[in-house]
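I have placed the structure first, in the form of structure tokens, so that the comments after it can refer back to it.
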Amino acid sequence: MDFKLFGKVIIRSELEVKTGMRIGGTTGGLKIGGLDLNVITDPLGRPYIPGSSLKGKLRALIERTEAANNPNFWNEPETKPEKHLCQDEASYSRCPVCKIWGILGKEGFGVPTLTRLIVRDSYLDSSSITEEMKQNLELDWTEVKSETAINRITGTALHKSLRQVERVPAGAKFKDVELIYNVYEDADKDILIKVFQAMELLEQDYLGGMGSRGYGRITFKNVEVFWNTKKDYEDGNIDLKPERAINPGLDTPAKIIANYDALRQKLV
Ligand SMILES: [Zn+2]
């Protein structure tokens with residue numbers, strides 16, 4: 001089968017932080033500013049959301065729903081966290097998860113295993129951290145919370161376990177969240193709905209760490225969906241002006257899912 005690109009669906013959105021969010025950075029063993037757990041930052045020292053973190057979380061969430069319908073979905077059900085990766089061509093050919101999110105590291109199915117979804121890094125909208133918010137922040141863009149590590153069995157705090165945890169404050173917004181979805185075959189236009197479903201699942205879950213303590217609730221806002229065909233690219237006719245969005249009035253993942261057929265029909 002000959003695979004060629006039909007076009008790209010570009011999903012743009014803002015992401016608003018509803019409860020303090022912590023996507024971990026690396027301190028290289030050093031405590032930065034006395035913090036035990038810091039957030040990942042861009043070269044300007046502002047928190048950002050790596051595309052790989054967002055993409056991985058979306059995959060994990062959609063995997064859970066797929067597994068609910070298919071008990072054989074997990075490769076190794078005993079291991080936690082559960083992981084899924086198709087092991088043969090037959091299952092791959094009907095697996096939206098591996099088609100969309102990719103199957104890196106596996107070869108030899110005899111079919112091209114192309115990754116449909118690319119997720120860009122998204123950066124803090126610094127204007128979303130208002131002067132009023134800044135007065136309550138311990139650091140320039142982030143807050144610091146003390147958290148105790150809990151003994152999972154007894155439910156009590158571990159001795160000397162207080163940690164300084166950095167997090168992005170509620171109300172922060174990340175702009176230019178961008179998901180790029182390559183369409184290689186007609187069926188890709190149908191399984192695209194899984195991307196919006198994963199986004200909606202994320203709004204009911206959490207992004208980053210310490211979700212069990214209520215961290216990382218987020219919401220997608222002002223979602224815009226664009227469709228650029230291969231010809232648009234060849235003609236240099238790519239623009240992402242709001243009037244070219246194919247989802248007028250459907251600015252959240254939930255609204256898009258509820259009206260997916262209307263959006264699907266525009267992918268021609
Ligand atoms: Zn799969």
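Readers should treat all values here as calculations from the given coordinates under stated rules, not as data from a laboratory. Nothing here was measured: the structure is a model prediction, and the numbers come from that model. Please note: Cβ atoms are built from the backbone with ideal geometry, for glycine as well, and neighbour counts cover all protein chains shown.
Long-range amide H contacts for Glu224: which residues qualify at under 5 Å (H placed 1.01 Å from N, peptide plane, sequence gap of 5 or more or a different chain)?
For Glu224, the qualifying residues are Arg12, Ser13.
With +1 on the Cβ of every Lys and Arg and -1 on the Cβ of every Asp and Glu, and nothing else charged, how large is the dipole of the chain about its Cα centre, in debye rounded to the nearest 20?
500 debye
What's the extension gain from Arg213 to Val111 if we count 0.36 nm per residue and subtract their Cα-Cα distance?
Extending this stretch completely gives an extra 32.4 nm.
What is the helix-to-structure angle for 193-203, meaning the angle in degrees between its Cα long axis and the longest Cα principal axis of the chain, kept from 0 to 90 and rounded to the nearest 10?
10 degrees
Counting DSSP beta bridges with both partners in the chain, what percentage is antiparallel, nearest 5?
Within the chain, antiparallel bridges account for around 95 percent of the total.
List the residues whose amide H sits under 5 Å from the amide H of Gly25, counting only those 5 or more places along or on another chain, with H placed 1.01 Å from N in the peptide plane.
Under 5 Å from the amide H of Gly25: Asn38, Val39, Ile40.
Which pairs, out of Lys8/Lys55; Lys4/Lys99; Lys4/Lys255, put more than 22 Å between their alpha-carbon atoms?
Lys4/Lys255
Just to confirm the number: angle between the C-alpha axis of helix 51-69 and the first principal axis of the chain, 0 to 90 degrees, nearest 10?
For helix 51-69, the angle is close to 70 degrees.
Residues of the range 161-181 with backbone nitrogen within less than 13 Å of a virtual label 7 Å along the Cα-to-Cβ line of Glu132, please, listed as ranges.
Only 171 fall inside the zone, counting backbone N under 13 Å.
Listed here are the pairs Lys145/Lys173; Lys145/Lys241; Lys173/Lys230; Lys18/Lys194; which of them are more than 30 Å apart at the Cα?
From Lys145/Lys173; Lys145/Lys241; Lys173/Lys230; Lys18/Lys194, over 30 Å: Lys145/Lys241; Lys173/Lys230.
Would you mind giving the average projected area, over all directions, of the Cα convex hull of the range 131-268 in nm² with one decimal?
In nm², the orientation-averaged hull projection of the range 131-268 is 12.7.
Sort Ser53, Ser127, Ser93, Ser13 so that the residue with the fewest other Cβ atoms within 10 Å of its own Cβ comes first and the one with the most comes last.
Ser127, Ser93, Ser53, Ser13
Hey, if you put +1 on the Cβ of every Lys and Arg and -1 on every Asp and Glu Cβ in the range 151-268, which of Val183, Leu162, Gly249 ends up farthest toward the positive end of that dipole?
Going by the Cα projections, it comes out as Leu162.
In whole Å, what are the Cα extents of the chain along the three principal axes, biggest one first?
That gives 60, 46, 34 Å along the principal axes, largest extent first.
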